[in-house]
There are 2 protein chains.
Amino acid sequence: MARPTMDDVGKRAGVSRALVSLVMRGSPKVSDRRRAAVLQAAEELGYSPHAMARSLASRTSHVLGVMVSDLHNAFFAEVVDGLDAVAAEHGFDLILNTGGRSPARERRALRSLLSFRPAGLALLSPVVPTADIGRAAEQTPVVLVARSSRLATVDTVNDDGERGIGLAVDHLVSLGHRRIAHLDGGEGSQSAPRRRGYLAAMAAHGLAPRVVRSEYTDVGGARAVRGLAGDMPTAIVSCNDFNAVGAISALEEAGLRVPRDVSVVGYDNTSLAALRHVSLTTIDQPRNEFGRLAAEALLQRVRGERVEPVRHLLHPSLVVRSTTAPPVRPA
Amino acid sequence: MARPTMDDVGKRAGVSRALVSLVMRGSPKVSDRRRAAVLQAAEELGYSPHAMARSLASRTSHVLGVMVSDLHNAFFAEVVDGLDAVAAEHGFDLILNTGGRSPARERRALRSLLSFRPAGLALLSPVVPTADIGRAAEQTPVVLVARSSRLATVDTVNDDGERGIGLAVDHLVSLGHRRIAHLDGGEGSQSAPRRRGYLAAMAAHGLAPRVVRSEYTDVGGARAVRGLAGDMPTAIVSCNDFNAVGAISALEEAGLRVPRDVSVVGYDNTSLAALRHVSLTTIDQPRNEFGRLAAEALLQRVRGERVEPVRHLLHPSLVVRSTTAPPVRPA
DNA sequence: TCTATTTGTTGGAGCGCTCTAAGGCTGTAG
DNA sequence: CTACAGCCTTAGAGCGCTCCAACAAATAGA
């Protein structure tokens, strides 16, 4: 199992270790003859450079650290996918850790990631205190995804939730709705800006807002709709797709048809929303793009192209499907 | 940005670098006095060990390489989640790559992972030729997830798809169904064993099989059901949950009720199936467990506890929800 | 008291690589 | 035939750590 080293390759090709190093790094200042000899020897021995030794000697890293709460959540998985795509394009590798939404575990994960002296660090919706993030940012460039921060040393990539919900409200208003309720996400992470966006959009249209406390689950959506009984609005803007689907089933159980009697809009454009059976009008977040932008932000700093922080605020977009329609009797 | 090293810590604590190393590794053969001094100096300097230098010097690795086609797919994301959980428990870190279902890209990803000299390698449903896998296995322990192999040097973790579909058929038969159709997954990856499982189970019950060519999408499921019109079975076993949901909506469009007129069973127990609105009877694959077992298989080899290959064949389980019921008029 | 043992500590070599500075070679000019 | 550019090539130091052998100090046994 003793794998060959540069010395072995050099010996076999009849050159020095340093020359092998130059060839492996694609240096132009190597004669074609030597280069061919080295490459052939490497091939014969099945040699491949040792990334860690290389990183240690060159004092540079081609690794990006990624901390994610859990991959279980499709949102994060797709962000990581985007990160990986950009990283791979530039010859970087990802080292991954999960923090499980616990500050203690996240702190440990952070330490572990930093011990690799990564070229940069992407933290996806972390829950650790800002102080820890600031400390990490002293060691390596840091980008925060789905968490905002005022730290002057870190970049951020976020979805403009306020605007997203605004799109949903505008859409409903343009269909003729005036009595539009919002089922909010309670304490959930992006719930506050979404609620703000709803209130702002309603105010902009001169409509009376109606926020119903709910949560990011289908059960929550169903419960909230049952609470609405007796004074049903003509349209509902849910905090996310799961909540919307729960709301729809409760509406149908109550004998109301969607979108004939009540229109419903979700948020996130999960694979669920796209199902024909569900065909939910919803707000799309460019998840993969989150990852791509995060990776690019890090790479810019790595290359020293930028020192001031960048704050990406991505524009969500409306995806109209079959759960929204004009109200039957305009209010 | 010049981070402190062991020498710095040693100097500050008034001890040698070697002693600092012992403290960092938690060696018992250090006096309490020195240990405290070292720990304090490390704290003051904000020192943390350099994982790569450590790995290089000790000729051991605490890194597991993971190659996944894409994280977009929730199945893989959850497997990675399981891998990470076990890895973290044992102080291992994950280094992640995607292969994008292209042999060329996978080969590149493999090379990149191997360049870190990982303690082990987990390949999730890889498409590279067996020869490449064998070559990787010469360098480090390899475990294959969702791909079987005869290589004596690699471990495998798979779902027993044959048995899973068998559970579905048994369930339907026990409800009284006799005319049970299977919408298969066409060329899809686990489609063949599932089809085999269906045929075997039907034969075991002495029933006439009926396989309808379909695919792993809701559109595919809907189309297949429309093809069934005129000779509708009393029950349908779909190749996966998406297909099942598509089948259900086509059935409802045709004026049939589920499960009153036709029962439907999915496969995978995705989050979709669990939605109240869908509430699909389905077969659960222990996805997280796949990852856990894969990680454990690697760690066993790392620790030298095992040399013979292990072949995990995980038992899927039936999750009964609301889309199956006895047929109205037993055939 | 003196030698064995145990316990704690240290210098130095070396992991596989990069990088700098210096060296060898060619070819052309003097 | 020597000088001086190039252009290749190489020796050697060193990245931050681990590990071994050696040693000093403290303890035990005789």
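The values are calculated or read from the model by the stated rules, or taken from the named source; none is laboratory data. Note that the structure is a prediction, hence the values are computed from the model and not measured. Every residue, glycine as well, gets a Cβ built from its backbone with ideal geometry; the counts of neighbours run over all protein chains shown.
Return yes when B:ALA224 is within 14 Å of chain A (Cβ to nearest Cβ) and buried (at least 24 other Cβ atoms within 10 Å of the Cβ) and no when it is not. Give the steps one after another, and end with the answer.
Numbers: within 14 Å of chain A (Cβ to nearest Cβ): yes; buried (at least 24 other Cβ atoms within 10 Å of the Cβ): yes.
So B:ALA224 passes the test.
Any residue that is closer than 17 Å to A:ASP170 by Cα and in contact with a helix residue (DSSP H, G or I) (Cβ under 7 Å, 6 or more places away or on another chain) - is there at least one of those in segment A:240-260?
No: segment A:240-260 contains no residue that is closer than 17 Å to A:ASP170 by Cα and in contact with a helix residue (DSSP H, G or I) (Cβ under 7 Å, 6 or more places away or on another chain).
Quick test of your reading of the structure: A:ALA77 fulfils all but one of (1) among the aliphatic types (A, V, I, L, M); (2) more than 16 Å from DNA strand D (Cβ to nearest atom); (3) in contact (Cβ under 8 Å) with a residue 24 or more places away in the chain. Name the failing condition by number.
Failing condition for A:ALA77: (3).
Test of understanding: among A:GLU89, A:GLU78, which residue is at the interface with another protein chain (Cβ under 8 Å from one of its Cβ atoms) and either touching a Gly at 6+ places or on another chain (Cβ under 8 Å) or surrounded by fewer than 23 Cβ atoms within 10 Å (Cβ to Cβ) (or both)? Outline the logic, then answer.
Working: A:GLU89 fails: at the interface with another protein chain (Cβ under 8 Å from one of its Cβ atoms).
A:GLU78 is the lone residue from the list that is at the interface with another protein chain (Cβ under 8 Å from one of its Cβ atoms) and either touching a Gly at 6+ places or on another chain (Cβ under 8 Å) or surrounded by fewer than 23 Cβ atoms within 10 Å (Cβ to Cβ) (or both).
Return yes when B:GLY230 is in the same structural domain as B:ALA168 (by TED's automatic domain parsing), small (Gly, Ala, Ser) and in a loop (DSSP other than H, G, I, E, B) and no when it is not. Explain how you work it out, then say what you get.
On the way: in the same structural domain as B:ALA168 (by TED's automatic domain parsing): yes; small (Gly, Ala, Ser): yes; in a loop (DSSP other than H, G, I, E, B): yes.
Against the criterion (in the same structural domain as B:ALA168 (by TED's automatic domain parsing), small (Gly, Ala, Ser) and in a loop (DSSP other than H, G, I, E, B)), B:GLY230 qualifies.
Looking at (1) in a loop (DSSP other than H, G, I, E, B); (2) in contact with a Leu (Cβ under 8 Å, 6 or more places away or on another chain), which is the only condition B:ALA224 fails?
(1)
Which of the residues spanning segment B:5-47 are of a type in the set (S, T, N, Q), surrounded by fewer than 17 Cβ atoms within 10 Å (Cβ to Cβ) and near DNA strand D (Cβ under 7 Å from one of its atoms)?
Once the filter is applied, which keeps residues that are of a type in the set (S, T, N, Q), surrounded by fewer than 17 Cβ atoms within 10 Å (Cβ to Cβ) and near DNA strand D (Cβ under 7 Å from one of its atoms), segment B:5-47 yields only B:THR5.
Of the residues that sit in segment A:117-134 and are surrounded by fewer than 24 Cβ atoms within 10 Å (Cβ to Cβ) and without any contact (Cβ under 8 Å) to a residue 60 or more places away in the chain, which one is farthest from B:SER48 (Cα to Cα)? Outline the logic, then answer.
Initially, segment A:117-134 is screened for residues surrounded by fewer than 24 Cβ atoms within 10 Å (Cβ to Cβ), giving A:117, A:119, A:125, A:127-134.
Checking the rest, the ones that are also without any contact (Cβ under 8 Å) to a residue 60 or more places away in the chain come to A:127-134.
Numbers: A:VAL127: 22, A:VAL128: 19, A:PRO129: 20, A:THR130: 20, A:ALA131: 17, A:ASP132: 15, A:ILE133: 16, A:GLY134: 16 Å.
The extreme case among them is A:VAL127.
If we keep just the residues of segment B:18-34 that are within 7 Å of DNA strand C (Cβ to nearest atom) and in contact (Cβ under 8 Å) with a residue 12 or more places away in the chain, which is farthest from B:HIS62 (Cα to Cα)?
Step by step, filter segment B:18-34, then rank; the result is B:ARG34.
Quick one: B:GLU215 ticks every box in (1) at the interface with chain A (Cβ under 10 Å from one of its Cβ atoms); (2) part of a loop (DSSP other than H, G, I, E, B) except a single one, so which number is it?
(1)
What number of residues in segment A:100-119 are closer than 22 Å to B:PRO118 by Cβ and small (Gly, Ala, Ser)? Spell out how you get there, then give the answer.
Here is the first cut: in segment A:100-119, the ones closer than 22 Å to B:PRO118 by Cβ are A:108-119.
Those still in the list that are small (Gly, Ala, Ser) too: A:109, A:112, A:115, A:119.
Number of matching residues: 4.
So that you can scan it fast, the table gives a plain yes or no per residue for (1) of a type in the set (Gly, Ala, Ser); (2) assigned to a loop (DSSP other than H, G, I, E, B):
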{"position": "A:ASP7", "(1), (2)": "no, no"}
{"position": "A:LYS11", "(1), (2)": "no, no"}
{"position": "A:VAL15", "(1), (2)": "no, yes"}
{"position": "A:LEU19", "(1), (2)": "no, no"}
{"position": "A:ALA37", "(1), (2)": "yes, no"}
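Filter segment A:51-65 down to residues that are without any contact (Cβ under 8 Å) to a residue 12 or more places away in the chain and touching a helix residue (DSSP H, G or I) at 6+ places or on another chain (Cβ under 8 Å) and give me whichever is nearest to B:ASP93 (Cα to Cα). Lay out the reasoning, then the answer.
Here is the first cut: in segment A:51-65, the residues without any contact (Cβ under 8 Å) to a residue 12 or more places away in the chain are A:52-54, A:56-59.
With the extra rule that they be touching a helix residue (DSSP H, G or I) at 6+ places or on another chain (Cβ under 8 Å), the set shrinks to A:52-53, A:56.
Numbers: A:MET52: 14, A:ALA53: 18, A:LEU56: 18 Å.
My answer is A:MET52.
Would you confirm whether or not segment A:82-90 contains a residue that is more than 8 Å from DNA strand C (Cβ to nearest atom), under 30 Å from A:LEU298 (Cα atoms) and of a type in the set (Val, Ile, Thr)? Break it down into steps so the answer makes sense when it comes.
Filtering segment A:82-90 for residues more than 8 Å from DNA strand C (Cβ to nearest atom) gives A:82-90.
Of the ones still in play, those that are also under 30 Å from A:LEU298 (Cα atoms) are A:82-90.
Then keep just the ones that are of a type in the set (Val, Ile, Thr); that gives A:86.
Yes, segment A:82-90 contains a residue that is more than 8 Å from DNA strand C (Cβ to nearest atom), under 30 Å from A:LEU298 (Cα atoms) and of a type in the set (Val, Ile, Thr).
Starting from residues that are among the polar types (S, T, N, Q) and outside any loop (DSSP other than H, G, I, E, B), keep the ones in segment A:42-66 and report whichever is farthest from the other protein chains (Cβ to nearest Cβ).
Looking only at segment A:42-66, we keep the residues that are among the polar types (S, T, N, Q), and these are A:48, A:55, A:58, A:60-61.
Now drop any that are not outside any loop (DSSP other than H, G, I, E, B), which leaves A:55, A:58.
Details: A:SER55: 5, A:SER58: 11 Å.
Top of the filtered list is A:SER58.
Please state which one of A:LEU64, A:LEU113, A:LEU94 is in contact with an Asp or Glu (Cβ under 9 Å, 6 or more places away or on another chain), modelled with pLDDT of 95 or more, within 16 Å of DNA strand D (Cβ to nearest atom) and over 27 Å from A:ARG17 (Cα atoms).
On the way: A:LEU64 fails: within 16 Å of DNA strand D (Cβ to nearest atom); A:LEU94 fails: within 16 Å of DNA strand D (Cβ to nearest atom).
Of A:LEU64, A:LEU113, A:LEU94, the one residue that is in contact with an Asp or Glu (Cβ under 9 Å, 6 or more places away or on another chain), modelled with pLDDT of 95 or more, within 16 Å of DNA strand D (Cβ to nearest atom) and over 27 Å from A:ARG17 (Cα atoms) is A:LEU113.
On the given criteria, is A:GLY99 out of contact with any strand residue (DSSP E or B) (no Cβ under 7 Å at 6 or more places or on another chain), assigned by TED's automatic domain parsing to the domain that holds A:LEU121 and either free of Cβ contacts under 8 Å to residues at least 12 places away in the same chain or closer than 23 Å to A:ALA136 by Cα (or both)? Full working, then the answer.
Details: out of contact with any strand residue (DSSP E or B) (no Cβ under 7 Å at 6 or more places or on another chain): no; assigned by TED's automatic domain parsing to the domain that holds A:LEU121: yes; either free of Cβ contacts under 8 Å to residues at least 12 places away in the same chain or closer than 23 Å to A:ALA136 by Cα (or both): yes.
When the stated conditions are applied, A:GLY99 does not pass them.
Just need a number here: residues in segment B:1-41 that are under 28 Å from B:PHE116 (Cβ atoms) and either within 11 Å of chain A (Cβ to nearest Cβ) or not hydroxyl-bearing (Ser, Thr, Tyr) (or both). Working first, answer last.
Within segment B:1-41, the first condition is being under 28 Å from B:PHE116 (Cβ atoms), and the residues that meet it are B:1-9, B:17-18, B:20-27.
With the extra rule that they be either within 11 Å of chain A (Cβ to nearest Cβ) or not hydroxyl-bearing (Ser, Thr, Tyr) (or both), the set shrinks to B:1-4, B:6-9, B:17-18, B:20, B:22-26.
Looking only at that region, the number is 16.
Here's the yes/no breakdown for (1) surrounded by fewer than 20 Cβ atoms within 10 Å (Cβ to Cβ); (2) more than 30 Å from B:SER249 (Cα to Cα):
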| site | (1), (2) |
| --- | --- |
| A:ASN240 | no, no |
| A:ASN243 | no, no |
| A:ALA274 | yes, no |
| A:ALA294 | no, yes |
| A:HIS312 | yes, yes |
| A:SER317 | yes, no |
| A:VAL328 | yes, no |
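How many residues does segment A:37-50 hold that are over 14 Å from A:SER21 (Cβ atoms) and within 14 Å of DNA strand C (Cβ to nearest atom)?
Looking only at segment A:37-50, we keep the residues that are over 14 Å from A:SER21 (Cβ atoms), and these are A:37, A:40, A:43-46.
Narrowing further to those that are within 14 Å of DNA strand C (Cβ to nearest atom): A:45-46.
Residues flagged as over 14 Å from A:SER21 (Cβ atoms) and within 14 Å of DNA strand C (Cβ to nearest atom) within segment A:37-50 amount to 2.
Assess whether B:SER279 counts as being hydroxyl-bearing (Ser, Thr, Tyr) and at pLDDT 90 or above. Can you show your working first?
Values: hydroxyl-bearing (Ser, Thr, Tyr): yes; at pLDDT 90 or above: yes.
Here the answer is yes, as B:SER279 does meet what is asked.
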